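This report concerns only the one structure given below.
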Amino acid sequence: MAINVNQVYQTVLLILNKEQRGYLTPDEFNRIGAQVQLEIFESYFEDLNQQLRVPDNDSEYSDRIKNTQEKIALFQEAGTCPYVGPYFGVPTVSGTTTSQTFNTTTAQQYVVTTITADELDAGQPSVTLEDANGVQQPLAEFTDWTISGLTLSLTNIPTAGRALILTVNEFDFYKLGTVIHKDETPVQYVQPNELLELNLSPITKPSTSFPVYRYKDRQIFVSPSTIQSDLSCSCVLKGLIVKLLAGYIGLFTPCPSIQDIPT
């Protein structure tokens, strides 16, 4: 159920005024609300873990495991994992993006001015470069480009006068679930040391029939490396960020399918 965040804010101000505890600015309210919302969201997983440890009941409305799973189900999604070489990225479901276009020179470094450092850190950046035919071609992170702070660095000197586009997809991704190849083959998660042991024997070495993956910082490294497409996964998304802005109605209760609505 959606709750008008403006009503919550006014209620908080009323309580603070009654207790003479000062004024809470909208920015402070947003920060506190986002933190509290995330704590409530994370408690669902701990509650489910605890309920799985105790005997269950088969009642229709008092099944604690089912009730907790229903709360998490609101945030469950499945999507395609884009290959950006040498790894797969996690799905970007929100569709919220910011971008900046540079006109290339013979320089290898470009200063980002329209995207903040927080947006770069919290999102998934991608870079494309215009080719000789005027078509934007994707560049591989680490191989063709890197970002340090607000500086975009290219590995090779580009042709002058081409459009270089930096795009950042906002992350609502929270937890990785099951990774699937070609919608039918599950990809097993392994630790780096386990992968080394698996590669020691031809019998246990990963193949397209029995693939494995390593996971690090929203990056999925699949073995064998010949798998470069047709990868998908289930995942859990974060709720919408608490946002109190002048002239807008936000949602305090997280629901990834509902956006902020103008008044």
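Every read-out reported here was derived from the displayed coordinates using simple, explicitly stated rules and does not represent laboratory data. Note that the coordinates shown come from a computational prediction; the quantities given were computed from them, not determined experimentally. Glycine also receives a Cβ, built like all others from the backbone with ideal geometry; neighbour counts cover every protein chain displayed.
Things to note:
- Taking the alpha carbon gyration tensor of segment 178-237, multiplying each eigenvalue by 5 and rooting it gives semi-axes of 19, 14, 9 Å, largest first.
- Relative contact order of the chain: 26 percent, from C-alpha pairs under 8 Å at least 6 residues apart in sequence.
- Of interest is the spacing of the C-alpha centroids, which for segment 180-199 and segment 125-162 amounts to 31 Å.
- Per-residue ellipticity at 222 nm, computed for the chain from helices alone with -39500 (n - 2.57) per DSSP H run of at least four residues, works out to -7500 deg cm²/dmol.
- Chymotrypsin sites (Phe, Trp or Tyr not before Pro) restricted to segment 1-52 and DSSP loop, no more than 11 other C-beta within 10 Å: TYR23
- When each of LYS18/LYS175; LYS71/LYS216; LYS66/LYS216 is checked by Cα-Cα distance, pairs over 29 Å: LYS18/LYS175; LYS66/LYS216
- Solvent-free Debye scattering, log10 I(q)/I(0), computed from the Cα coordinates of the chain at q = 0.07, 0.09 Å⁻¹: -0.37, -0.59
- For segment 178-237, the relative contact order works out to 41 percent when only alpha carbon pairs closer than 8 Å and six or more residues apart are counted.
- Sorting GLU119, GLU39 from the fewest to the most surrounding beta carbons within 10 angstrom yields GLU39, GLU119.
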